[in-house]
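Participant: What follows is a single structure, and I will ask about it in a moment.
The values are calculated or read from the model by the stated rules, or taken from the named source; none is laboratory data. Worth saying up front: this structure is predicted, and the values here are computed from it rather than measured. Positions of Cβ are backbone-derived with ideal geometry, glycine not excepted, and every protein chain shown enters the neighbour counts.
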Amino acid sequence: MDKITRKAYAKINLGLDVLRRREDGYHEVRMIMQSVGLYDTLTFTRHEEAGIAVVTDKEELPGDESNLIYKAAKLLTDTYGIRQGVHIALEKRIPMAAGMAGGSTDAAAVFHGMNEMFSLGLSIEEMCVLAVRIGADVPYCIKGGTALAEGIGEILSDLPGMPDCFLLIAKPDIDVSTKFVYENLHADCLEYHPDIDGMIRVLSSKELGSVAAKLGNVLETVTVKKYPQVEEIKDFMKAQGALNALMSGSGPTVFGIYDSKERAHEAQGALERAGLAKQVFVTVPVNTGR
Ligand code: ATP
């Protein structure tokens, strides 16, 4: 095939705990990851001439060597001696610097896309082993769906999918650096830890109310202190009928869980009118996010 298209799904965290900071600076985490129906689109075109070219539809996101798409394509080309070239066009919809793994999921789509285009024959597990070199969240994005991510995020266990619901996702107009949040988290003396094991249990029960009640993200303690609008959006969503609301990843994106599509859309309108966030979406969990 000379041309293929892949969707790269965003994720939210239903739970995010940090256990400790390691000597090498990485943090050991326990995260519950969930793919959602908000996605970027990557179109791959094969060329006889060697070389990687990445173009994006966002001025602020260059397709140069800093782009995770480029990094993933280069890693695959070098590792598997791919002699042909590839052109990759990105249509970006996932908010950036948002805590939704937008860059990691694009890199994961490159693994799937080039595996297919160049008939590399790689299994999901083989792709994951290589992908962690691009970023700790890339292996999860390769697998997608609902998973417990441990270690630095690369040790994955499948979990039962999130019960059916509607998700209101809102990114306030601020960019949060993941590095800043982890650097300001005092991982060894945290007073609050979300109940990750409890969340794993309730996911098996398939009860939406119990899942909503168990949401928790330890990184809120840092991000909310600097950006109080994150808490404001959570409160707003709850006042607008969300069963619960949480910040995703290092933020600033907030998601609210709704049991009715109409209520989620009403809350979306109210949130936009209140001017609390510019990027606001209603979507659903995706239980096979690839
Ligand atoms: P995470 O949830 O993994 O912390 P994030 O959603 O907070 O990720 P991203 O949108 O993945 O953040 O991107 C963070 C930074 O990575 C961007 O500001 C951008 O400079 C860089 N980047 C490199 N490649 C990409 C890409 N393909 N898409 C988005 N950002 C990218």
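Participant: Every residue in the stretch 224-250 that is among the β-branched types (Val, Ile, Thr) and closer than 22 Å to THR283 by Cβ, please.
Facilitator: Correct list: VAL230, ILE233.
Participant: Oh, and also: Would you check if there is a residue in the stretch 253-262 being buried (at least 23 other Cβ atoms within 10 Å of the Cβ), part of a loop (DSSP other than H, G, I, E, B) and of a type in the set (Gly, Ala, Ser)?
Facilitator: no
Participant: State all residues of the stretch 123-170 that are within 18 Å of SER104 (Cβ to Cβ) and assigned to a loop (DSSP other than H, G, I, E, B); if no residue qualifies, say none.
Facilitator: Once the filter is applied, which keeps residues that are within 18 Å of SER104 (Cβ to Cβ) and assigned to a loop (DSSP other than H, G, I, E, B), the stretch 123-170 yields VAL132, ARG133, ILE134, GLY135, ALA136, ASP137, GLY144, GLY145, GLY151, ILE152, GLY153, GLU154.
Participant: Considering each of GLY209, GLY241 in turn, give the residue that is of a type in the set (Gly, Ala, Ser), in a loop (DSSP other than H, G, I, E, B), over 30 Å from PHE180 (Cβ atoms) and more than 16 Å from the ligand (Cβ to nearest atom).
Facilitator: GLY241
Participant: Further question on the same structure: Can you find a residue in the stretch 82-91 that is closer than 30 Å to GLU191 by Cα and assigned to a strand (DSSP E or B)?
Facilitator: Scanning the stretch 82-91 turns up no residue that is closer than 30 Å to GLU191 by Cα and assigned to a strand (DSSP E or B).
Participant: A follow-up question, please. Report, ordered by the first and then the second residue, all pairs with beta carbons closer than 9 Å, sequence separation of six or more or different chains, a first member in the stretch 108-122 that is assigned by TED's automatic domain parsing to the domain that holds THR41 and on the phi > 0 side of the Ramachandran plot, and a second member that is crowded, with 19+ Cβ neighbours inside 10 Å and part of a helix (DSSP H, G or I).
Facilitator: Note: pairs meeting the criteria are GLY121/ASN115.
Participant: Please pick out the residue among VAL132, VAL86 that is at pLDDT 95 or above and crowded, with 22+ Cβ neighbours inside 10 Å.
Facilitator: Residue meeting the stated conditions: VAL86.
Participant: Is the stretch 198-215 home to any residue that is within 25 Å of MET96 (Cβ to Cβ), in the same structural domain as ALA170 (by TED's automatic domain parsing) and free of Cβ contacts under 8 Å to residues at least 24 places away in the same chain?
Facilitator: No, that holds for no residue.
Participant: For the structure I just gave you, tell me whether SER205 is small (Gly, Ala, Ser) and farther than 20 Å from VAL280 by Cβ.
Facilitator: Here the answer is yes, as SER205 does meet what is asked.
Participant: OK, next. Between GLY216, GLY289, which is modelled with pLDDT under 95 and under 21 Å from the mean Cα position of the chain (by Cα)?
Facilitator: Going through GLY216, GLY289 in turn, just one is modelled with pLDDT under 95 and under 21 Å from the mean Cα position of the chain (by Cα): GLY289.
Participant: Note down all Cβ pairs under 6 Å where the first residue falls in the stretch 263-283 and is in a loop (DSSP other than H, G, I, E, B), the second is surrounded by fewer than 19 Cβ atoms within 10 Å (Cβ to Cβ), and they're at least six residues apart or on different chains.
Facilitator: Here the result reads LYS278/ASP173, each pair linking the stretch 263-283 to a residue that is surrounded by fewer than 19 Cβ atoms within 10 Å (Cβ to Cβ).
Participant: Away from the ligand (no atom under 16 Å from the Cβ), part of a helix (DSSP H, G or I) and in the same structural domain as PHE118 (by TED's automatic domain parsing): does that describe ASP78?
Facilitator: When the stated conditions are applied, ASP78 passes them.
Participant: LYS171: on the phi < 0 side of the Ramachandran plot and assigned by TED's automatic domain parsing to the domain that holds GLU272, yes or no?
Facilitator: Against the criterion (on the phi < 0 side of the Ramachandran plot and assigned by TED's automatic domain parsing to the domain that holds GLU272), LYS171 qualifies.
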